[in-house]
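What follows is one structure encoded as C-alpha cells, with my remarks underneath.
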Amino acid sequence: MGLEKYWATDPSDALRVRQGFTLADVDTRSTPGFEGGKSEAETSLADGASILAVLQEQLFAGNQMGDDPRRVLLVLQAMDTAGKGGIVKHVMSAVDPQGVQYATFKQPTEEELAQDFLWRIAKRVPDAGMIGVFDRSHYEDVLIGKVRELASPEEIERRYDAINEFEAELAASGTTIIKVMLHISMEEQKERLLDRLERPDKHWKFSPGDIEERMLAPKYQEAYQVVFDRTTTPHAPWYVIPADRKWYARLAVQHLLIEALEAMRLDWPLATFDIEEQKLRLEAS
C-alpha cells in the first residue's frame, strides 16, 4: 500500500465484523492499528489521497478503454453526527469527481413505497469503472424499519435475506462492496449536536428529530447488532469503525478503499491504436 509506516498493524482485520462480534464491546475512541495522533493521521491522509487518486483513475480508465466491468460500492451507515459527510468531503474529494457516483437515501417517496424496498437502491448502483458511495442505504429499511416498527417482524426478516441475495448478485457482477458503520458514543454525539446548536453556520445541519433518534439509541444498537449477525458475508463484509475521533474514521475508510482497489491489481489499459502512427499524424497536422 505504501502507507505501512503510519500503521502499527493493518486495521482491516480488527475492524471487520466476524462471527461472535459484539457492537457493545467496541471502544468508540480507539484507533485500531494506528499509533499516531491527529497530526500523524492528517499527514497519512494526505499521502493516501495521492495513492487513492491514482487507483481510482486506473479503475475508471480500465472501463473507459477496456470495458473492465469492476466497480466499488462504499456503504456508509451511522447515527447522526458520526461523520458520514466528513468521509465524503475529506476522503472522496481526493479523487476525480467524474469517477464517483454519490447517492443518499432519504425518506421514501410515495412512488418508492409502492415498490419493493430495494427498487430505489438498485437504480443507484454504481456503473462499471466507478466508485459508488451510499450515504445511508438499503440498511435503513431494516434499521429504522425495525426500531420505528414501520414494517412487520416477518417483513424485516424477509429483507435481511433479500439484502444478502442482492449483494451476492452485485459481487458476482464485479462489485467490490465495503460496508462501514461509523460507531459514535452517546457522549460524543451530544457534544457534536450541541456544537451544531451553538454555531449559526451549523444550524442547518440540526433537526429537532435528531434528539428523538438519539433517545432511541439503545434500540438502534440492538438493530445494528442484528444487521451484523445477519448480513456480514465474505463478499460483502461489514467494518465497524470507532468514530469519536473524526481523523481516525476518515483514515480508516481511506485505508479500506485503497486496500480494496489494490486487491484488484489495476493498471493502465493498453492503447487500442498504434501510438507511433498517431504521433506521425499529430506531427503532420
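The values are calculated or read from the model by the stated rules, or taken from the named source; none is laboratory data. Values in this document were obtained by computation on a predicted structure and should not be read as measured data. Glycine gets a Cβ as well: all are built from the backbone with ideal geometry, and neighbour counts include every protein chain shown. The accessibility values were calculated without ligands, DNA or RNA, using every heavy atom of the protein model including side chains. Shrake-Rupley method; radii C 1.70, N 1.55, O 1.52, S 1.80 Å.
Observations, loosely collected:
- The one condition in (1) modelled with pLDDT under 95; (2) in a helix (DSSP H, G or I) that L59 fails to fulfil: (1)
- Flag not set for D127, criterion: among the acidic types (D, E) and open to solvent by less than 80 Å² (accessible area, probe 1.4 Å).
- The range 174-285 holds helices (runs of 4 or more DSSP H) entirely within its bounds, and those carrying 1 or more residues that are under 30 Å from R70 (Cα atoms) and out of contact with any helix residue (DSSP H, G or I) (no Cβ under 6 Å at 6 or more places or on another chain) map to 217-231, 246-263, 275-284.
- Filter pass, S39 being of a type in the set (S, T, N, Q), closer than 16 Å to I258 by Cβ and open to solvent by 40 Å² or more (accessible area, probe 1.4 Å): no
- Among residues of the range 185-199 being among the aliphatic types (A, V, I, L, M) and open to solvent by 20 Å² or more (accessible area, probe 1.4 Å), the one that is farthest from E222 (Cα to Cα) is L197.
- Residues of the range 130-188 classified as within 15 Å of the chain's Cα centre (by Cα) and aromatic (F, W, Y), total: 2
- The set of residues from the range 258-285 being β-branched (V, I, T) and exposed (fewer than 10 other Cβ atoms within 10 Å of the Cβ) comprises T272, I275.
- Scan of the range 63-73 for residues that are open to solvent by 10 Å² or more (accessible area, probe 1.4 Å) and not polar (S, T, N, Q), ordered by number: M65, G66, D67, D68, P69, R70, R71
- Of all residues in the range 135-170, those satisfying the criterion of being under 23 Å from Y102 (Cα atoms), among the charged types (D, E, K, R) and part of a helix (DSSP H, G or I) are E140, D141, E165, E167, E169.
- Close pairs from the range 258-279: first within 30 Å of W7 (Cβ to Cβ), partner basic (K, R), Cβ under 9 Å, at least 6 apart: M264/R70; L266/R70
- Per the listing R120, R158, R136, the residue uniquely among the basic types (K, R) and open to solvent by less than 30 Å² (accessible area, probe 1.4 Å) is R120.
- Pick from the range 85-99, criterion in contact with a helix residue (DSSP H, G or I) (Cβ under 7 Å, 6 or more places away or on another chain) and within 21 Å of M181 (Cβ to Cβ), ranking: surrounded by the fewest Cβ atoms within 10 Å (Cβ to Cβ): G86
- Residue count for the range 200-228 under the criterion of being within 16 Å of R16 (Cβ to Cβ) and buried (at least 16 other Cβ atoms within 10 Å of the Cβ): the result is 3.
- Of all residues in the range 149-171 being out of contact with any helix residue (DSSP H, G or I) (no Cβ under 7 Å at 6 or more places or on another chain) and in contact (Cβ under 8 Å) with a residue 12 or more places away in the chain, the one that is nearest to L256 (Cα to Cα): A171
- Qualifying residues in the range 11-24 (those that are assigned to a loop (DSSP other than H, G, I, E, B) and open to solvent by 80 Å² or more (accessible area, probe 1.4 Å)) - the one modelled with the lowest pLDDT: Q19
- The single residue among L76, L45 that is in a strand (DSSP E or B), in contact with a helix residue (DSSP H, G or I) (Cβ under 6 Å, 6 or more places away or on another chain) and open to solvent by less than 50 Å² (accessible area, probe 1.4 Å) turns out to be L76.
- Residues that are farther than 30 Å from E42 by Cβ, free of Cβ contacts under 8 Å to residues at least 60 places away in the same chain and surrounded by fewer than 16 Cβ atoms within 10 Å (Cβ to Cβ) do occur in the range 231-248, at least one of them.
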